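The values are calculated or read from the model by the stated rules, or taken from the named source; none is laboratory data. No experiment lies behind these values; they were computed from the predicted model shown. We place every Cβ from the backbone using ideal geometry, glycine too, and count neighbours over all the protein chains shown. These area figures cover heavy atoms from the full protein model, side chains too; ligands, DNA and RNA do not enter into them. Shrake-Rupley method; radii C 1.70, N 1.55, O 1.52, S 1.80 Å.
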Number of protein chains: 2
Amino acid sequence: MSELRHNPITRQWVIVAENRGARPQDLVVQQVIQDTAHCPFCEGHEEGTPGEVLALRSPESRANECGWRVRVVPNKYPAVGAASPQADSSSAGFERDDITVLPGLGVHEIIIESPRHLTTVTQLSVAQFAEVLTVYRDRLAALRNSGQFSNAVVFKNSGAGGGATLAHLHSQLVALCADRSIYADRSPALRESGDCPLCATIETDSQRLVTKSEHFLAFCPFASRFAYETWIIPRQHLPRFEETASEILPELARLLRAVLVKLEATVKSSAYNYIIHTAPFDTTGANHYHWHIEILPRLSNLAGFELGTGCFINTVSPEHAAAALRDH
Amino acid sequence: MSELRHNPITRQWVIVAENRGARPQDLVVQQVIQDTAHCPFCEGHEEGTPGEVLALRSPESRANECGWRVRVVPNKYPAVGAASPQADSSSAGFERDDITVLPGLGVHEIIIESPRHLTTVTQLSVAQFAEVLTVYRDRLAALRNSGQFSNAVVFKNSGAGGGATLAHLHSQLVALCADRSIYADRSPALRESGDCPLCATIETDSQRLVTKSEHFLAFCPFASRFAYETWIIPRQHLPRFEETASEILPELARLLRAVLVKLEATVKSSAYNYIIHTAPFDTTGANHYHWHIEILPRLSNLAGFELGTGCFINTVSPEHAAAALRDH
């Protein structure tokens, strides 16, 4: 019989039903790569993006020209943006009966992770991936320090199945200015050190452990929503990814890359998302947060059941998923 | 500038960002149809499914043989099921610290909506679709009346983009026995008549109206999560779909079919979900519920932003979506 498992951090229910993994399938989705001759993220095409916000580049090179290794640019098609100078009345937001509207204020950036037209992050070396993580950290830290934003999320869409629309390796950062919680806030569930469910995982989740290093741990959560879902956490109760010390970023890059290599080998697909969950910027006492990276493989499409009930069906138990990932 | 809109019923935030509709795309997903020669849902292949629970069939025909028009069978690969006779201790469920597990008790049924190998519900006539709705209603009513289940959902996955794995026209019903709310419960938001946000929609949402009939209304919600998302509601504040009178089911079939025809013509795709939201079975006073059907077009994949924040990005404003649907 299947099991209903509750994830106290995402506050979502998951039906673990392994028997469904065997069901027949005559409709499948396939990834199709269209024209990439004019990829705006390739080195030499810098004019195809807005001017860079940050770049790791060789000392002799100049901004918005060749010679970079990792490059951050504003999204040309942003989900949120700066207030327009001629702000109309609606851009102030309003609340009336059951209608609530806020202006879409924030920044939406693209982190281009290689000057070459690579399509999966596992094609990067550990050293290159460590530079990518450094850029994630530095952009989050700069946006937080500006005092203008309430919270931010860094995420990667890998493969068409992961919702990527451009093949060239990149991640995204969306920071919001909002006077209330727009992003589903995990703070209430991620309690203070000593009572934190992620800290408890470190002690108890050996059955679902994927791999670990001196400062980090990778495991399949007890109530994984997706087959082979894996979370990476610092072993110490730390609220903010953007405060990670430079010395341990290469260790994190090695671990995250190793998990993604295991995942791609196990499921024969690079369709996944990863998301960096860090404490909201606007909390002064964020000790109740434990930052983490969620890796969500996208082997099948979310369907009416998930969208109708908010509950997930997972056809691979986290225990079997962790064992398979450990073996690769 | 984009807008952040809040949906009080789903309690989700949506970023309406029309500028993102123009972004380039070199990665796309395509639906692929594999072998359908042995479709278990086609007439004449009745032995490919478990025995039928209900069927509309010609009087001279026999159960689990040819001669049916709509057929309901248990899912061969169910997400939830009956308690096994040799239930082990884990099947009783347990709660310890942050771990909560319940047995996956319930039923998971397939409603096969045509004996022919049709692949979109708009290929049915209004009369045929009315029979399908009658079967949805009668199965929900029977499961509720059995007193064994706490709540149920009927949903359709259309197209690979909508999460369908078998092409032959079908919907699904999942009913649970659980002592707590597993399905995200909309009851708190759907208040009593006079104070109900869906009732208020009937008066105020003319800009987002798609079409209406004597007893029903179709509109794009103010905070639509998906481009061209459309909801259908009874104009009267009624909590339970399964109590819909037989006389008005053909009217509902005509309206729902008309909206799906408009949608397929507007977006040139039959990738969508629809979900019937009815009051939980186990509420005695359900006057705070207003049943509704949500139609969720699946033109792009949900990605890291949605899965990381619980917030959606919609590139077509509901006002423009409704205008386009009205025009088709």
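Anything in the range A:273-328 that is at the interface with another protein chain (Cβ under 8 Å from one of its Cβ atoms), open to solvent by 30 Å² or more (accessible area, probe 1.4 Å) and in a loop (DSSP other than H, G, I, E, B)? List them, or say none.
A:Ser300, A:Asn301, A:Gly310 - these are the residues of the range A:273-328 that are at the interface with another protein chain (Cβ under 8 Å from one of its Cβ atoms), open to solvent by 30 Å² or more (accessible area, probe 1.4 Å) and in a loop (DSSP other than H, G, I, E, B).
Determine, yes or no, whether A:Val135 is aliphatic (A, V, I, L, M), more than 9 Å from chain B (Cβ to nearest Cβ) and either out of contact with any Ser or Thr (no Cβ under 6 Å at 6 or more places or on another chain) or under 28 Å from A:Ala253 (Cα atoms) (or both).
The answer is yes for A:Val135.
From (1) at pLDDT 95 or above; (2) open to solvent by 40 Å² or more (accessible area, probe 1.4 Å), pick out the condition that doesn't hold for A:Leu255.
For A:Leu255, the failing item is (2).
Go through (1) farther than 23 Å from A:Glu46 by Cα; (2) more than 7 Å from chain B (Cβ to nearest Cβ); (3) open to solvent by 40 Å² or more (accessible area, probe 1.4 Å) one by one and return the number of the condition A:Thr119 breaks.
All conditions are met except number (1).
Scan the range B:23-39 for residues that are free of Cβ contacts under 8 Å to residues at least 40 places away in the same chain and either over 30 Å from B:Asn314 (Cα atoms) or polar (S, T, N, Q) (or both) and report the count. Let's see the steps before the verdict.
At the first step, the residues of the range B:23-39 found to be free of Cβ contacts under 8 Å to residues at least 40 places away in the same chain are B:23-28, B:30, B:34-35, B:37-38.
In the following step, the residues that additionally are either over 30 Å from B:Asn314 (Cα atoms) or polar (S, T, N, Q) (or both) were identified as B:25, B:30, B:34-35, B:37-38.
Count: 6.
Exactly one condition in (1) more than 30 Å from B:Gly161 (Cα to Cα); (2) outside any loop (DSSP other than H, G, I, E, B) is false for A:Glu192; which is it?
Of (1) more than 30 Å from B:Gly161 (Cα to Cα); (2) outside any loop (DSSP other than H, G, I, E, B), only one is false for A:Glu192: (2).
Does any residue of the range A:157-176 turn out to be touching an Asp or Glu at 6+ places or on another chain (Cβ under 9 Å) and more than 30 Å from A:Val32 (Cα to Cα)?
yes
Quick one: would you say B:Glu243 is within 14 Å of chain A (Cβ to nearest Cβ), closer than 30 Å to B:Asp179 by Cα and charged (D, E, K, R)? So that I can check it myself, show each step before the final result.
Details: within 14 Å of chain A (Cβ to nearest Cβ): no; closer than 30 Å to B:Asp179 by Cα: yes; charged (D, E, K, R): yes.
Judged against the criteria, B:Glu243 is not a match.
Out of all the residues in the range B:1-11, which are of a type in the set (A, V, I, L, M) and at the interface with chain A (Cβ under 7 Å from one of its Cβ atoms)? Don't jump to the end; show me each part of the working.
Taking the range B:1-11 and keeping what is of a type in the set (A, V, I, L, M), we get B:1, B:4, B:9.
Matches in the range B:1-11: B:Met1, B:Leu4.
Between a residue in the range B:203-230 that is on the phi > 0 side of the Ramachandran plot and any residue that is assigned to a loop (DSSP other than H, G, I, E, B) and at pLDDT below 95, which pairs come within a Cβ distance under 9 Å, given they are 6 or more apart or on different chains?
Close Cβ pairs satisfying both conditions: B:Tyr228/B:Leu299.
When the range B:59-82 is examined, which residues are found to be open to solvent by 20 Å² or more (accessible area, probe 1.4 Å), out of contact with any His (no Cβ under 8 Å at 6 or more places or on another chain) and without any contact (Cβ under 8 Å) to a residue 60 or more places away in the chain?
Result: B:Pro59, B:Glu60, B:Ser61, B:Arg62, B:Ala63, B:Asn64, B:Glu65, B:Cys66, B:Gly67, B:Lys76, B:Tyr77, B:Ala82.
Quick check, is B:Gln172 polar (S, T, N, Q), away from chain A (no Cβ under 14 Å) and surrounded by fewer than 22 Cβ atoms within 10 Å (Cβ to Cβ)?
no
How many residues are at the interface with chain A (Cβ under 8 Å from one of its Cβ atoms) and crowded, with 18+ Cβ neighbours inside 10 Å when one looks only at the range B:177-201?
Going through the range B:177-201, the residues at the interface with chain A (Cβ under 8 Å from one of its Cβ atoms) turn out to be B:178, B:182-184, B:197, B:200.
Within this subset, residues satisfying the condition of being crowded, with 18+ Cβ neighbours inside 10 Å are B:178, B:182-183, B:197.
So the answer is 4.
Which condition does A:Ile112 not pass, out of (1) open to solvent by less than 20 Å² (accessible area, probe 1.4 Å); (2) more than 11 Å from every other protein chain (Cβ to nearest Cβ); (3) more than 22 Å from the chain's Cα centre (by Cα), if it passes all the others?
Against the list (1) open to solvent by less than 20 Å² (accessible area, probe 1.4 Å); (2) more than 11 Å from every other protein chain (Cβ to nearest Cβ); (3) more than 22 Å from the chain's Cα centre (by Cα), A:Ile112 comes up short only on (3).
When residues of the range A:244-268 are filtered for being outside any helix (DSSP H, G or I) and in contact with a Lys or Arg (Cβ under 8 Å, 6 or more places away or on another chain), how many remain?
1
Kindly indicate whether B:Ala141 is more than 29 Å from A:Asn7 (Cβ to Cβ), crowded, with 17+ Cβ neighbours inside 10 Å, more than 12 Å from chain A (Cβ to nearest Cβ) and of a type in the set (Gly, Ala, Ser).
Details: more than 29 Å from A:Asn7 (Cβ to Cβ): yes; crowded, with 17+ Cβ neighbours inside 10 Å: no; more than 12 Å from chain A (Cβ to nearest Cβ): yes; of a type in the set (Gly, Ala, Ser): yes.
Spelling it out, it is not the case that B:Ala141 is more than 29 Å from A:Asn7 (Cβ to Cβ), crowded, with 17+ Cβ neighbours inside 10 Å, more than 12 Å from chain A (Cβ to nearest Cβ) and of a type in the set (Gly, Ala, Ser).
Limited to the range A:95-143, what total is found for residues that are polar (S, T, N, Q) and outside any helix (DSSP H, G or I)?
Applying the first criterion (polar (S, T, N, Q)) to the range A:95-143 yields A:100, A:114, A:119-120, A:122-123, A:125, A:128, A:134.
Adding the requirement that they be outside any helix (DSSP H, G or I) leaves A:100, A:114, A:119-120, A:125.
Here the count works out to 5.
Which condition number does A:Gly159 fail, the rest of (1) on the phi > 0 side of the Ramachandran plot; (2) surrounded by fewer than 20 Cβ atoms within 10 Å (Cβ to Cβ); (3) at the interface with chain B (Cβ under 9 Å from one of its Cβ atoms) being met?
Tallying (1) on the phi > 0 side of the Ramachandran plot; (2) surrounded by fewer than 20 Cβ atoms within 10 Å (Cβ to Cβ); (3) at the interface with chain B (Cβ under 9 Å from one of its Cβ atoms), A:Gly159 fails exactly one: (2).
For B:His237, state whether it is surrounded by 24 or more Cβ atoms within 10 Å (Cβ to Cβ), away from chain A (no Cβ under 11 Å), not in a strand (DSSP E or B) and not β-branched (Val, Ile, Thr). Give the derivation first.
Numbers: surrounded by 24 or more Cβ atoms within 10 Å (Cβ to Cβ): no; away from chain A (no Cβ under 11 Å): yes; not in a strand (DSSP E or B): yes; not β-branched (Val, Ile, Thr): yes.
Taking the combined requirement at face value, the residue does not satisfy it.
Limited to the range A:276-318, what total is found for residues that are modelled with pLDDT of 95 or more, of a type in the set (D, E, K, R) and more than 27 Å from A:Ser206 (Cα to Cα)?
The total comes to 1.
Residue by residue, here is whether (1) open to solvent by 20 Å² or more (accessible area, probe 1.4 Å); (2) facing chain B (nearest Cβ under 9 Å) holds:
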position: A:Trp13; (1), (2): yes, yes
position: A:Val16; (1), (2): no, yes
position: A:Gln25; (1), (2): yes, yes
position: A:Val32; (1), (2): yes, yes
position: A:Thr36; (1), (2): yes, yes
position: A:Cys39; (1), (2): no, yes
position: A:Cys42; (1), (2): yes, no
position: A:Gly48; (1), (2): yes, no
position: A:Glu52; (1), (2): yes, no
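Let's see how each residue does on (1) in contact with a helix residue (DSSP H, G or I) (Cβ under 7 Å, 6 or more places away or on another chain); (2) of a type in the set (Gly, Ala, Ser); (3) at pLDDT below 95:
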residue: B:Glu214; (1), (2), (3): yes, no, no
residue: B:Phe226; (1), (2), (3): no, no, no
residue: B:Ile233; (1), (2), (3): yes, no, no
residue: B:Ala245; (1), (2), (3): no, yes, no
residue: B:Pro250; (1), (2), (3): yes, no, no
residue: B:Leu260; (1), (2), (3): yes, no, no
